[in-house]
Number of protein chains: 2
Amino acid sequence: MPARPAAPKARPPRPRVRKKAAATYHHGDLRQALVDAALAAIAEGGLEALNLRDLARRLGVSPAAPYRHFADKEALVRAVAADIAQRYAAVLAQAAAEAPPDPLSQFRATGVAAVRFAVRHPAHFRVVYTPGLHDHRGDDDPTRAALTAAQAAGVIAPIPVDAIMLTAQCAIYGLSRLIVDDQLPGGAVTPAQADAMTRAVTDVLGLGFLPR
Amino acid sequence: MPARPAAPKARPPRPRVRKKAAATYHHGDLRQALVDAALAAIAEGGLEALNLRDLARRLGVSPAAPYRHFADKEALVRAVAADIAQRYAAVLAQAAAEAPPDPLSQFRATGVAAVRFAVRHPAHFRVVYTPGLHDHRGDDDPTRAALTAAQAAGVIAPIPVDAIMLTAQCAIYGLSRLIVDDQLPGGAVTPAQADAMTRAVTDVLGLGFLPR
DNA sequence: CTATCGATGTAATCGATGCTCACATCCTCC
DNA sequence: GGAGGATGTGAGCATCGATTACATCGATAG
């Protein structure tokens with residue numbers, strides 16, 4: 001019997017990338033397909049719902065195939081986290097670019113953008129902040145930049161910049177997480193409510209470091 | 001052959017609670033023992049390292065025994081989370097009781113206590129704040145109480161209390177999580193550094209809502 | 001005292017999942 | 001057109017959560 005029987009299993013045709021057609025055996029770009037599929041699976045059911053066999057099944061590939069591209073499950077998740085981190089950073093940068101240049105506007109805009117991202121993509125937010133999956137310590141956070149510039153220009157009060165930045169980072173991250181983890185009184189949070197909360201938080205913070 | 005052979009398997013003697021001795025078969029208080037063992041296992045290796053078979057093994061009990069006391073693994077983890085939540089609340093309450101009664105002191109004391117708990121018991125902190133495991137929305141947080149009382153006494157600025165409380169909660173929770181998840185620049189955080197950061201954050205917040 | 005019954009623990013087993021290994025297939029490049 | 005590396009397959013192992021039928025124990029009623 002030949003190694004490849006007539007009708008081994010009905011499989012959906014796989015998208016090809018490198019060559020035109022001749023669709024079988026090799027996938028084309030399994031690595032990226034895995035990352036994309038994992039992204040979708042996580043968005044649906046969270047990180048706990050991610051499972052390599054299911055991913056392989058959806059891509060019409062054997063359960064062992066993913067291991068040709070990722071050493072283990074965690075490596076795949078790290079790739080996914082890197083992907084998410086990139087989009088997240090892009091969203092923040094764009095928000096800052098579109099906002100007026102004054103420090104409070106910048107600060108508020110990036111804060112709102114960060115919280116919005118968390119509200120819209122809670123599962124992705126959790127993954128990108130899961131310890132060990134991505135390093136956020138080098139993030140050149142637009143918030144930091146805006147605040148540093150503001151103090152250099154003498155627009156904000158003469159308190160240690162580090163303290164301000166730390167407080168701002170904590171408040172925005174804390175708000176994001178509390179919303180994402182549904183741990184705020186009143187239950188699930190709508191996008192509009194999230195925006196209002198972000199504005200409230202940035203205002204209170206602004207009271208602290210803007211001169212009056 | 002008798003149902004219970006002479007030397008079935010060498011097992012460590014199990015602690016008895018109900019009666020004096022005659023140690024075999026029934027454990028005594030397996031439920032509590034499971035919670036305690038889970039607490040220890042989580043403290044060592046985090047929630048991912050928790051596994052029912054290992055727990056059963058350590059307690060000298062069959063892998064199926066835990067299912068007599070918990071419907072499934074999640075039920076056990078929920079019991080553990082409740083246990084942690086109780087200790088966490090007690091720690092916060094004690095810190096508030098020991099601090100001077102003025103609002104900033106109260107606020108700072110509970111903040112410091114919360115962050116300290118996170119630094120000392122990072123795995124437990126993560127578990128108690130894992131979504132779905134424990135409901136924190138009813139937490140009568142001493143911080144909230146302190147701030148409400150303070151505003152009632154006219155000690156803080158006339159800004160919406162809700163905004164202040166939200167900001168404070170976000171900042172303290174955010175700081176705790178950033179430390180626990182090791183996502184702050186500079187790597188791992190010592191208890192002393194954590195205290196300093198907490199004080200910095202509470203001070204910046206205090207600038208916002210304390211009248212000047 | 002003893003028969004009974006509910007509570008608790010056991011043994012055996014299933015199904016899902018991460019991962020490995022030997023082998024098959026295909027593409028590229030000399 | 002042949003060799004070799006890259007990629008995918010199939011079979012299978014180990015671990016773990018969970019279930020089921022059965023065993024054992026302790027309390028209690030008669």
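The values are calculated or read from the model by the stated rules, or taken from the named source; none is laboratory data. Remember, it's a predicted structure, so these values are computed and weren't measured experimentally. Using ideal geometry, Cβ is built from the backbone for each residue, glycine included, and neighbour counts are taken over all protein chains shown. Quick note on the areas: whole protein, heavy atoms, side chains included, nothing else; ligands and nucleic acids left out. Shrake-Rupley method; radii C 1.70, N 1.55, O 1.52, S 1.80 Å.
Some points to look at:
- Test item: B:197-207 mean partner chain Cβ contacts at 10 Å: 6
- Kirkwood-based Rg to Rh ratio, region B:30-70, C-alpha trace: 0.93
- Teacher prompt: A:Asp29 distances to equivalent labels in other copies, 7 Å Cα→Cβ, nm: 6.1
- Solvent-accessible surface of region B:30-70, taken per residue with a 1.4 Å probe and all protein chains present: 53 Å².
- Packing order of peptides A:53-62, B:197-206, highest average first: B:197-206, A:53-62 (average count of other Cβ atoms within 10 Å over each peptide's residues).
- Summed side-chain charge close to A:Ala194 - residues other than A:Ala194 whose Cβ falls under 11 Å, Lys, Arg +1, Asp, Glu -1: +2
- For A:Ala40, label point 7 Å along C-beta direction: distances to other copies, nm: 4.7
- Values of log10 I(q)/I(0), in the order q = 0.18, 0.21 Å⁻¹, for region B:93-209 under a Debye, Cα-only, solvent-free model: -0.94, -1.23
- Sequence-separation-based contact order of region B:33-149, relative, with Cα cut under 8 Å and 6+ spacing, percent: 29 percent
- Each peptide among A:88-97, A:150-159 gets the average number of other Cβ atoms lying within 10 Å of its residues, and from highest to lowest they stand as A:88-97, A:150-159.
- Coupling constants for region A:93-99 follow from the phi torsions by the Karplus curve (6.51 cos²θ - 1.76 cosθ + 1.60, θ = phi - 60°), and in residue order they are 4, 5, 4, 5, 5, 7, 8 Hz; glycine and proline get x.
- The trypsin sites (Lys or Arg not before Pro) of region A:101-141 that DSSP puts in a loop, and whose beta carbon has at most 14 other beta carbons within 10 Å, are A:Arg137.
- When the inverse distances between all different Cα atoms of region A:45-105 are averaged and flipped, the Kirkwood radius reads 14.2 angstrom.
- Copy-to-copy label distances for A:Ala75, where each label lies 7 Å from Cα along Cα-to-Cβ, are 4.0 nm in order of increasing length.
- Residue by residue along B:155-167, Cβ atoms of other protein chains within 10 Å of the local Cβ number 4 on average.
- Relative compactness, region B:124-191, computed as alpha-carbon Rg over 2.2 N^0.38 Å: 1.36
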